[in-house]
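See structure below.
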Amino acid sequence: MFDLQDLKSVILLSYLKDPMLKNIMKVTAVKDYSAGQYIFKEGDYAHYLCAIIEGKVGLEVQKSPNMNILIHTLARGATFGYSAVVDTEEKKYTASAKALTDVKIYMWRGPDLEALFYKDYEMAFLFMKRIAKIIKSRLQECLAQGTNIFG
């Protein structure tokens with residue numbers, strides 16, 4: 001099992017107040033994946049937002065049908081799968097998430113988080129503000145890598 005302190009190890013959640021975390025705890029699942037196993041694939045319907053408890057996850061994009069490019073390596077405390085909570089028309093993952101080692105992750109269904117956000121606008125604001133910062137940071141990293149990969 002896990003407690004509030006465990007959830008605070010997730011960078012995205014570390015900015016939330018304890019009562020907010022207690023509500024998030026109610027909709028939190030924990031799942032294990034083996035090294036080499038895909039958590040989700042690029043283009044899949046985005047069901048879950050995830051955060052790493054233990055291990056490493058690689059985010060990959062498909063360059064061609066037979067070639068994926070590793071664009072990020074994530075470790076403990078990192079969150080991925082934002083498409084599950086970012087309101088896009090298709091709600092599809094924009095990259096694949098692959099367990100690089102055995103991993104344990106927190107998982108939140110997008111609709112469960114959205115229901116919490118409608119009840120607590122302050123939590124929604126803090127949560128989405130942090131997601132925006134992380135997405136911006138990853139986009140900047142991808143653009144910097146793009147010069148090396150495609151340049």
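Where a number appears in this text, it was derived from the coordinates with a stated rule and is not lab data. Note that the coordinates shown come from a computational prediction; the quantities given were computed from them, not determined experimentally. As a convention, Cβ positions derive from the backbone with ideal geometry for all residues, glycine included, and neighbour counts pool all protein chains shown.
Filtering E60, E141 for residues that are among the charged types (D, E, K, R), touching a Ser or Thr at 6+ places or on another chain (Cβ under 8 Å), over 22 Å from K8 (Cα atoms) and touching a residue at least 12 places away in the same chain (Cβ under 8 Å) leaves a single hit, E60.
Sub-6 Å Cβ pairs linking a first residue in the stretch 19-48 that is without any contact (Cβ under 8 Å) to a residue 24 or more places away in the chain and within 23 Å of S64 (Cα to Cα) to a second residue that is aromatic (F, W, Y) and buried (at least 16 other Cβ atoms within 10 Å of the Cβ), at least 6 apart or interchain, number zero. Being out of contact with any helix residue (DSSP H, G or I) (no Cβ under 9 Å at 6 or more places or on another chain), acidic (D, E) and not in a strand (DSSP E or B) is a description that does not apply to E114.
Y33 meets the stated requirement of being hydroxyl-bearing (S, T, Y), within 19 Å of R109 (Cα to Cα), in contact with an Asp or Glu (Cβ under 8 Å, 6 or more places away or on another chain) and surrounded by 14 or more Cβ atoms within 10 Å (Cβ to Cβ).
Pairing each residue of the stretch 80-102 that is in contact (Cβ under 8 Å) with a residue 60 or more places away in the chain with any residue that is buried (at least 16 other Cβ atoms within 10 Å of the Cβ) and aromatic (F, W, Y), provided the two are 6+ apart or on different chains, yields C-beta distances under 7 Å for A99/Y33.
For the stretch 118-127, a residue qualifies if it is crowded, with 16+ Cβ neighbours inside 10 Å and either of a type in the set (S, T, N, Q) or in a helix (DSSP H, G or I) (or both), and the qualifying residues are M123, A124, L126, F127.
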